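S.K.: Okay, handing you the structure first.
Laboratory data are not the source of any read-out in this text; all were calculated from the coordinates shown. Small disclaimer: the values here were computed from a predicted structure and weren't measured. Cβ: placed from backbone, ideal geometry, glycine included. Neighbour counts: every protein chain shown.
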Amino acid sequence: MNLHINLENILFLDIETVPENQNWNEVSANTQKLFEQKTAYQRHQETTVEEFYERAGIWAEFGKIVCISVGYFTADKTEKQLRIKSFYGDDEKVLLEEFKELLDTHFNKKEQVLCAHNGKEFDFPYIARRMIVHQIELPKKLNLFGKKPWEIPHLDTMELWKFGDYKHYSSLKLLTSILGIPSPKDDINGSEVAAVYYEEKNLERIVLYCEKDTVAIAQLVLRFNNESLLKDHQIVKA
């Protein structure tokens, strides 16, 4: 496929999220009840609400973002480079404000778009919802009110792979495997992020995992365009 878009106008991104509290007993009684109601359709009878809380990070109402990694292409005289930058920390509001500043100052042009894997269902709305929780004004790239579908500045590599088949789901791990892209899942996976954050207290490990996913998303777009994959020396920290 040909996306008919300048690669330098794409901001690739991935987020990592965890439950807002480490332990169920730290959650207020009212929020516990709301979480129970929210997840009733997903829980099996043998799984208690408390046990299910370890998955709370997938909902913006009960989780928080601990890392946003972004990547963008730059071109020198000989070859393209993918520059990687991460916003991370225990203070979610601060990292969201830093990410917003990036969008407002460097990715605010009409032709520029955001790109993630399953971003339209997860990353983009999650970031927007958490910004609203923290009373942060939404950047234009995340404020979709009143926009027509073709005016929304978002690319989704999972949606591109669907080719109109809306019942089809393909994970980033699956696509990188079948398309010959180095796997980003060589250390931890999404289900382990909360334990790494709260128990190991190893945020740097989560950041590295998030950055690998961001690189993999950029590599997917290159493959979709039948372009050569990036070599290690072409991936640099911003």
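S.K.: Could you give the dipole magnitude of the chain about its Cα centre, charging the beta-carbon of Lys and Arg +1 and that of Asp and Glu -1, in debye to the nearest 20? Walk me through the numbers before you get to the answer.
M.R.: On the way: 30 positive and 38 negative charges, 186 e Å.
I would put it at about 900 debye.
S.K.: I need the shape label for the range 129-238. Rule: rounded when a/c is under 1.5, else prolate if a/b > b/c, else oblate, with a, b, c from the alpha carbon gyration tensor.
M.R.: Judged from the Cα gyration tensor, the range 129-238 comes out oblate (a/c at least 1.5, b/c at or above a/b).
S.K.: Name the residue, out of Tyr169, Tyr198, Tyr209, whose mean-square fluctuation peaks in a Gaussian network model built on the chain with Cα pairs under 10 Å.
M.R.: Among Tyr169, Tyr198, Tyr209, the largest GNM mean-square fluctuation belongs to Tyr169.
S.K.: Residue by residue through the range 206-221, which ³J(HN,Hα) values in whole Hz follow from phi under the Karplus form 6.51 cos²θ - 1.76 cosθ + 1.60 (θ = phi - 60°), with glycine and proline marked x?
M.R.: 5, 4, 4, 4, 5, 5, 4, 5, 4, 4, 4, 5, 5, 5, 4, 4
S.K.: Return the whole-Å distance between the Cα centroid of the range 157-171 and the Cα centroid of the range 42-96.
M.R.: Here the answer is 21 Å between Cα centres.
S.K.: So how much slack lies between Phe163 and Glu36, counting 0.36 nm per residue of separation and subtracting their Cα-Cα distance, in nm?
M.R.: 42.1 nm
S.K.: Select from Gln22, Ala195, Phe122 the residue farthest towards the positive end of the dipole of the range 7-231; place +1 on Cβ of Lys and Arg, -1 on Cβ of Asp and Glu, and compute about the Cα centre.
M.R.: Phe122
S.K.: Kindly write out, for the range 23-34 in residue order, the coupling ³J(HN,Hα) from the Karplus curve 6.51 cos²θ - 1.76 cosθ + 1.60 (θ = phi - 60°), rounded to whole Hz, with x marking Gly and Pro.
M.R.: Once θ is set to phi - 60°, the couplings for the range 23-34 become 10, 4, 6, 8, 7, 4, 4, 5, 5, 4, 5, 5 Hz.
S.K.: When a/c reaches 1.5 or more, the comparison of a/b and b/c decides; with that in mind, is the range 83-122 rounded, prolate or oblate per its Cα gyration tensor?
M.R.: oblate
S.K.: Pairs of alpha-carbon atoms within less than 8 angstrom and 6+ residues apart define the contacts here; what relative contact order does the range 4-159 have, in percent?
M.R.: 26
S.K.: Could you sort out which of Lys33/Lys85; Lys100/Lys147; Lys93/Lys162; Lys33/Lys167 sit more than 30 Å apart by Cα distance in this structure?
M.R.: Lys33/Lys85; Lys93/Lys162; Lys33/Lys167
S.K.: On to the next question. Give the calculated FRET efficiency between Asn225 and Glu97 to the nearest 0.05, with a Förster radius of 41 Å applied to their Cβ-Cβ distance.
M.R.: Details: r = 33 Å, r/R0 = 0.81.
It comes out at approximately 0.75.
S.K.: What does the extension gain come out to for Lys140 and Ala238, with contour length at 0.36 nm per residue minus their alpha carbon separation?
M.R.: 33.0 nm
S.K.: Moving on to the next point. Kirkwood Rh, Cα Rg: Rg to Rh for the range 49-149?
M.R.: 1.01
S.K.: Debye sum, Cα scatterers, the chain, no solvent: what log₁₀ I/I(0) at q = 0.13, 0.15 1/Å?
M.R.: -0.83, -1.10
S.K.: Describe numerically, in nm with one decimal, the distance between label points set 7 Å from Cα along Cα→Cβ at Lys148 and at Leu174.
M.R.: 3.3
S.K.: At 222 nm, what value in deg cm²/dmol follows for the chain if DSSP H runs of at least 4 each add -39500 (n - 2.57) and the sum is divided by all its residues, to the nearest 500?
M.R.: Helices in the chain give a 222 nm mean residue ellipticity of -10000 deg cm²/dmol.
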